[in-house]
Amino acid sequence: MGSVVADSNKEISKNVRVVFVLGGPGSGKGSQCANIVEHFGYTHLSAGDLLRAEIKSGSENGTMIQNMIKEGKIVPSEVTIKLLQRAIQENGNDKFLIDGFPRNEENRAAFESVTGISPEFVLFFDCPEEELERRLLGRNQGREDDNIETIRKRFKVYMESSLPVIEYYNSKGKVRKIDAAKPVEAVFEDVKAVFAPLHEKPLTMGSVVANSNKEISKNVRVVFVLGGPGSGKGSQCANIVEHFGYTHLSAGDLLRAEIKSGSENGTMIQNMIKEGKIVPSEVTIKLLQRAIQENGNDKFLIDGFPRNEENRAAFESVTGISPEFVLFSTAQKRRWRGAF
């Protein structure tokens, strides 16, 4: 416990932005957080994951948490807040999603008091109890807690404890309510409508070139992530983002997003693909360069690029960046922890 307190006594930068992500069990918070991380460069902090990681570490603090849970006691707000505070301080990013916390009004008040941070807003995934029940029962794979009685108890506890938090922030105009009963893709369209005005700029081919002519900070670190189809690159990138605070940039996703934007540049890319032509290296590199420049992070995973030697040489020439290393994923061995 002492080490957590000591580590978290440093003041958090005033530039740090926090979004609380709240929603009932089965509302799809986890999936949507992964999408927000992917598209907007936030770091996802799960209070539950941090507590579990602390227990697994075998630290004195972890043992204390484990004993409290075994005895049916509630882990004090201060413990969870200190873990969140330390995670924020140790991460190079300045944008964080805090998922599953605060769970009640006491958590909320303690978080603001201890960290000095008031959230930018609360992303609230609103979903009817009947739909949550259907989802949780539908995913039942032998989980003891996914029966109708337990589900209803969890929902009741959630509503009684979290509703005052939502009402508090709603009175301050800080709640962004999302209809989580929709299909996953439709929900994310609504989520993007919340985040896009804060983080995206209009895009044309000219603006891509203009925006990407700015010099990239010399502090930026890039790791190329390569591997054949089925090698598990995507899953491992998600793990690295979660554990080490990198931002994941997929060249394919950037091209698809550009097409979907309906911009002049996107139309050009779409036409080239339809005609069976290869999209020039420069176009993909400029999209990657702009994504790096517009993101507050300084650590990036570039997934699925470069695909060939010409891509590699062009990337280094245009951006001035040489990767820190290449993470090569094979189907036989998927090792990533040791590299980071």
Among LEU123, SER57, PHE155 the positive-end extreme of the charge dipole of region 46-169 (Cβ point charges): SER57
For region 261-268, 3J(HN,Hα) per residue [Karplus equation, 6.51 cos²θ - 1.76 cosθ + 1.60, θ = phi - 60°, Hz, x = Gly/Pro]: 5, x, 6, 4, 5, x, 5, 4
Pairs beyond 24 Å (Cα-Cα), from LYS182/LYS274; LYS95/LYS177; LYS70/LYS153: LYS182/LYS274
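None of the figures in this text is laboratory data; all of them are computed from the coordinates on show. This structure is a prediction, so every number in the text was calculated from the model and none was measured. So basically every Cβ, Gly included, is an ideal-geometry build from the backbone, and we count neighbours across all protein chains shown.
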